[in-house]
1. Can you name the residue in segment 122-144 that is within 18 Å of residue 19 (Cβ to Cβ) and touching a residue at least 40 places away in the same chain (Cβ under 8 Å) and is also surrounded by the fewest Cβ atoms within 10 Å (Cβ to Cβ) among such residues?
2. Does residue 247 satisfy the criteria of being away from the ligand (no atom under 16 Å from the Cβ) and of a type in the set (Phe, Trp, Tyr)?
3. Note down all Cβ pairs under 8 Å where the first residue falls in segment 93-121 and is among the acidic types (Asp, Glu), the second is away from the ligand (no atom under 12 Å from the Cβ) and open to solvent by 20 Å² or more (accessible area, probe 1.4 Å), and they're at least six residues apart or on different chains.
4. Confirm whether residue 113 is open to solvent by 30 Å² or more (accessible area, probe 1.4 Å) and either within 16 Å of the ligand (Cβ to nearest atom) or part of a loop (DSSP other than H, G, I, E, B) (or both).
5. Consider residue 171 against the criteria (1) in a helix (DSSP H, G or I); (2) surrounded by fewer than 16 Cβ atoms within 10 Å (Cβ to Cβ): it satisfies all of them except one. Which criterion is unmet?
6. Within 24 Å of residue 106 (Cα to Cα) and touching a Phe, Trp or Tyr at 6+ places or on another chain (Cβ under 9 Å): is that true of residue 64 in this structure?
7. With segment 1-95 as the region, which helices (runs of 4 or more DSSP H) entirely inside it contain at least 1 residues that are over 22 Å from the mean Cα position of the chain (by Cα)?
Amino acid sequence: ERGEYDHFMLKEIHEQPESLARSILPYIDQATQTIQAGETADQIFGDADRAVAIACGTAYYAAQTAKYWFEQIARLAMETDIASEFRYRKPVLPVTGPALFVSQSGETADTLAALRYCRENKAPAIAVVNVPESSIAREAKAIVPTHAGPEIGVASTKAFTAQLAVLAVLALSAAKARGHLKAGDEARYVKSLLSLPRKVSEALEAEADIKAIAQSLVKARDVLFLGRGRYFPLALEGALKLKEVSYIHAEGYAAGELKHGPIALIEQDLPIVVVAPYDALFEKTLSNVEEVRARGGRIILVSDDRGIKLAGNRADHVIRLPDADEIAMPILAAIPMQLLAYFVAVAKGTDVDQPRNLAKSVTVE
Ligand code: M6R
């Protein structure tokens, strides 16, 4: 039931402190502050030459975010692909490494077909699924479930952050199995994962600010989302969420791609959401912000205190995130993407929980 909330989407956004705790705790040994993702996963990742991660839609963006963790923390090359592309191109699979399948429903037709291709070609399939009795879960070699609980809104929210959290656990466990995680770092990452429910509650405190900013997007014809590094997939997710529920045309781009085409779109008052918590690449993104502003674009900056301070008056609006490390921050950055899309949709009066033309689970290709 929706309870006090007007829509399932908003209820599910607000459930994330609990759905994240449920999804993280089974993989953490509290006594030793260590990650426990299960023996099969550890063994598969330990010996892996590379990995592939396959999914559709929002689940694909979770996989794309995880690629940064797997490469940077576990030093494991990971290729990500959309299931509908992967399944038909006779892909070359890892020799010893896994194929990861990310799916809320576990019934997405293309993702299931991609899994079957990997099975036939002897690549061990690991499923990150929210429905443990689903087809994808049943056919995988190992299941690493998310425990987001049933998601009713067609737009994925709490399932996405649960996928990110479980993929972070997997990346850390791969790092351990591959000898790339020092004990001190493991304890630090565990602490960061355990702090997520509280930090998500803090991120949700920006709701009133986001609602106000959303009013300024209602009339927009197009919205651009920019991000770099691990925030690039978050920009893609922000754009997908907005178009799904508000029907406003939105594009997500890697900030560094701006000059290679999309900058031609910038005109007076075009809203540009920049997903840029402070990190080693922040200054580069800031120079993209300047380029956009010089052409009249209106900047909505999603960042933490440090980033917001450095950006100064270059941002027209800011959405503040709590401080966090490279594991927790991309998960926190999902929250404003969801709330922004939600409030624009509500202001436009669309059918938020059941947007036109969309199905919750795409079981035909
Ligand atoms: O059930 P799945 O996670 O496999 O679904 C994948 C996509 O269909 C899904 O994420 C879709 O993109 C959502 N509507 C996004 O909000």
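The values are calculated or read from the model by the stated rules, or taken from the named source; none is laboratory data. All of these numbers come straight from a predicted model, not from anything done at the bench. Cβ: placed from backbone, ideal geometry, glycine included. Neighbour counts: every protein chain shown. Each accessible area value is taken on the protein alone, full model and side chains, heavy atoms only, with ligands, DNA and RNA left out. Shrake-Rupley method; radii C 1.70, N 1.55, O 1.52, S 1.80 Å.
1. Only one residue fits best here, namely 144.
2. When the stated conditions are applied, residue 247 does not pass them.
3. Listed by first residue and then by second, the contacts come to 110/87.
4. no
5. For residue 171, the failing item is (2).
6. yes
7. Correct list: 39-46.
Okay, residues lined up against (1) within 11 Å of the ligand (Cβ to nearest atom); (2) of a type in the set (A, V, I, L, M):
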site	(1), (2)
144	no, yes
149	no, no
153	yes, no
166	no, yes
